[in-house]
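Student: Take this structure first; my questions come after.
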Amino acid sequence: MASLPVLVLNSGSSSIKFSLYEACNGERTRLFDGAVDGIGTDLGKFWIKDAAGNKLVDQNPALPTRAVAFKLVADALHSGDFPAPAAIGHRMVSGGPTIQENQLITPELIDEMERYTAFAPLHTPIAVYIMREALRLFPGVPNFVCLDTYFHRTMPEEAWRMPIPEEYASIGVRRYGYHGLSYESIVYQLGTETPARLIVAHLGNGASITAIRDGKCVDTSMGLTPTGGIISGTRTGDIDPGVLLFVLRQIAAETPGTAEAADKLETFASKKAGLLGVSGLTNDMRGLRDAIAQGDERARMAVTLFTRTISKWIGSFMAVLGGLDMLVFTGGIGENDIASRAEICAGLGPLGIVLDPARNNVRGEAVISSEDSPVTVRVIPPAEDLMIVNHVVRLLAQ
Ligand code: AMP
């Protein structure tokens, strides 16, 4: 196969990240990566780095709209300074109930995904916008959607079915699971070392945990939307549904329209809760650790809720897997926050998870369990973009 430049686009609510890979036979080489960050502000960031980390672009443009932001990316890629992409892969959080497979993007497919915005309301609007723009600004270049739900499609029904009436189940209310490209990338990186019983904790600003048997997902913590599961930066995670009803009644008493009331409930559960809501301070783990060091008790409680929830999920997934061979931490907190890993594993010794404090004192890839720990504990950074490139190459060949 000739070498193929593949562009990966990964949009968030206020940023667009991108990377350009060269795919040649089995080889994948990252040539550049970059981001526009701070969409909706006067002082955004726009940067592009080469594989050695040299900044080729480093600007602070005004980014009033996502249109301005994506045009900066497209203009840079059209400038001739970078290889023109032969294919584009888009990370998509959810394609709704009907789109479960990674595939070629057509205008009709984008319309269908947009109809299912309610399945990932914070992520879908910008992702479908970027897909439409990419089709327009890169005519003739095939675009593919790569779903964060795809890895979880192997879950058995008892894992994905929710305890709800059929009228809702039949319109797609079920557990989908997210962060799938990250989980897939951990299994890919472990390769032949992937054990029979594996738990991966993806702990970033959004946090989830997945039980994997023989390389395939059997259960995961996020549910219908990424708001479910583990408490994360600004999201509740699993919560007594009575709490949502209680809050909804309070909102409804002072809000005229149903749609407005739903938006306010969404803000409560997905934007103002989690580490931010409990600490009253920040959703950023570094800020929380600084506050804890200053004796801030609300920050301490926020982080304790976080680590305790994850310990509980690890225990419950050990029940699902019938034991455990390996636990992997990934994501910004999983890779970097030494204290979170120590706190999560502190009570898990009786379950065979024993960290070595000296080995755990690292950021980035490492084995952090003690020599005699029955369960191996590792830190592995995710490689989501690489998975998207692999899917694009596979789909192009079909
Ligand atoms: P992600 O969403 O994967 O980018 O992860 C973001 C989270 O990782 C934020 O809560 C950050 O505070 C946290 N994080 C990143 N670097 C560090 C670090 N060096 N120490 C502690 N937490 C970190």
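Student: Quick check on my filter: what residues within the stretch 118-144 are in contact with a helix residue (DSSP H, G or I) (Cβ under 7 Å, 6 or more places away or on another chain), of a type in the set (Val, Ile, Thr) and in contact (Cβ under 8 Å) with a residue 40 or more places away in the chain?
Tutor: ILE126, ILE130
Student: Give me the residue from the stretch 252-272 that is aliphatic (A, V, I, L, M) and free of Cβ contacts under 8 Å to residues at least 40 places away in the same chain and, out of that set, nearest to ALA299 (Cα to Cα).
Tutor: Step one: of the stretch 252-272, the residues aliphatic (A, V, I, L, M) are 252-253, 259, 261-262, 265, 269.
Filter again for free of Cβ contacts under 8 Å to residues at least 40 places away in the same chain, leaving 252-253, 259, 261-262, 265.
Working: ALA252: 31, ALA253: 31, ALA259: 33, ALA261: 29, ALA262: 28, LEU265: 24 Å.
The residue in question is LEU265.
Student: Can you find a residue in the stretch 196-209 that is within 20 Å of MET92 (Cβ to Cβ), without any contact (Cβ under 8 Å) to a residue 60 or more places away in the chain and assigned to a strand (DSSP E or B)?
Tutor: Yes: the stretch 196-209 contains one or more residues that are within 20 Å of MET92 (Cβ to Cβ), without any contact (Cβ under 8 Å) to a residue 60 or more places away in the chain and assigned to a strand (DSSP E or B).
Student: Let me ask something else about it. Count, please, the residues in the stretch 85-126 that happen to be within 14 Å of LEU147 (Cα to Cα) and part of a loop (DSSP other than H, G, I, E, B).
Tutor: 14
Student: Against the definition (over 26 Å from the mean Cα position of the chain (by Cα), among the small types (Gly, Ala, Ser) and either assigned to a loop (DSSP other than H, G, I, E, B) or over 23 Å from CYS146 (Cα atoms) (or both)), how does ALA2 come out, yes or no? Steps first, please.
Tutor: Numbers: over 26 Å from the mean Cα position of the chain (by Cα): yes; among the small types (Gly, Ala, Ser): yes; either assigned to a loop (DSSP other than H, G, I, E, B) or over 23 Å from CYS146 (Cα atoms) (or both): yes.
In short, yes.
Student: Within the set of pairs 6+ apart or on separate chains, which have a first residue in the stretch 333-356 that is touching a residue at least 60 places away in the same chain (Cβ under 8 Å), a second that is within 10 Å of the ligand (Cβ to nearest atom) and of a type in the set (S, T, N, Q), and C-beta atoms under 6 Å apart?
Tutor: ILE333/SER340
Student: Next question. Filter the stretch 198-214 down to residues that are more than 14 Å from ARG341 (Cα to Cα) and surrounded by fewer than 20 Cβ atoms within 10 Å (Cβ to Cβ) and give me whichever is farthest from the ligand (Cβ to nearest atom).
Tutor: Here the answer is ASP214.
Student: Does ASP238 fit the bill of being more than 16 Å from the ligand (Cβ to nearest atom) and either surrounded by 15 or more Cβ atoms within 10 Å (Cβ to Cβ) or within 24 Å of GLY364 (Cα to Cα) (or both)?
Tutor: Working: more than 16 Å from the ligand (Cβ to nearest atom): yes; either surrounded by 15 or more Cβ atoms within 10 Å (Cβ to Cβ) or within 24 Å of GLY364 (Cα to Cα) (or both): yes.
Taking the combined requirement at face value, the residue satisfies it.
Student: Next question. Any idea which residue in the stretch 330-351 is nearest to the ligand (Cβ to nearest atom), counting only those that are crowded, with 24+ Cβ neighbours inside 10 Å and more than 19 Å from ASP372 (Cα to Cα)?
Tutor: Taking the stretch 330-351 and keeping what is crowded, with 24+ Cβ neighbours inside 10 Å, we get 330, 333-334, 341, 344-345.
Then drop every residue that is not more than 19 Å from ASP372 (Cα to Cα), which leaves 330, 333-334.
Numbers: THR330: 8, ILE333: 4, GLY334: 8 Å.
Only one residue fits best here, namely ILE333.
Student: Let me ask another. Quick one: in the stretch 271-280, of everything that is away from the ligand (no atom under 11 Å from the Cβ) and at pLDDT 95 or above, which residue is farthest from ILE231 (Cα to Cα)?
Tutor: We begin by selecting, within the stretch 271-280, every residue away from the ligand (no atom under 11 Å from the Cβ); these are 271-273, 277-280.
Those still in the list that are at pLDDT 95 or above too: 272-273, 277-280.
On the way: LYS272: 12, ALA273: 8, GLY277: 10, VAL278: 10, SER279: 12, GLY280: 15 Å.
Selected residue: GLY280.
Student: Consider THR225 carefully, then state whether it is of a type outside the set (Lys, Arg), surrounded by fewer than 24 Cβ atoms within 10 Å (Cβ to Cβ), within 15 Å of the ligand (Cβ to nearest atom) and part of a loop (DSSP other than H, G, I, E, B).
Tutor: Details: of a type outside the set (Lys, Arg): yes; surrounded by fewer than 24 Cβ atoms within 10 Å (Cβ to Cβ): yes; within 15 Å of the ligand (Cβ to nearest atom): no; part of a loop (DSSP other than H, G, I, E, B): yes.
No, not satisfied.
Student: Can I ask one more? Would you pick out the residues in the stretch 281-297 that are more than 14 Å from the ligand (Cβ to nearest atom) and surrounded by 15 or more Cβ atoms within 10 Å (Cβ to Cβ)? Lay out the reasoning, then the answer.
Tutor: Just the residues of the stretch 281-297 that are more than 14 Å from the ligand (Cβ to nearest atom), to begin with: 294-297.
Across the stretch 281-297, the qualifying residue is only ASP296.
Student: Identify, please: which residue in the stretch 12-71 is touching a helix residue (DSSP H, G or I) at 6+ places or on another chain (Cβ under 7 Å) and of a type in the set (Lys, Arg) and is, among those, surrounded by the fewest Cβ atoms within 10 Å (Cβ to Cβ)?
Tutor: ARG28
The values are calculated or read from the model by the stated rules, or taken from the named source; none is laboratory data. Computed from a predicted structure; not experimentally measured. With ideal geometry, Cβ positions are generated from the backbone for all residues, glycine too; neighbour counts draw on all protein chains shown.
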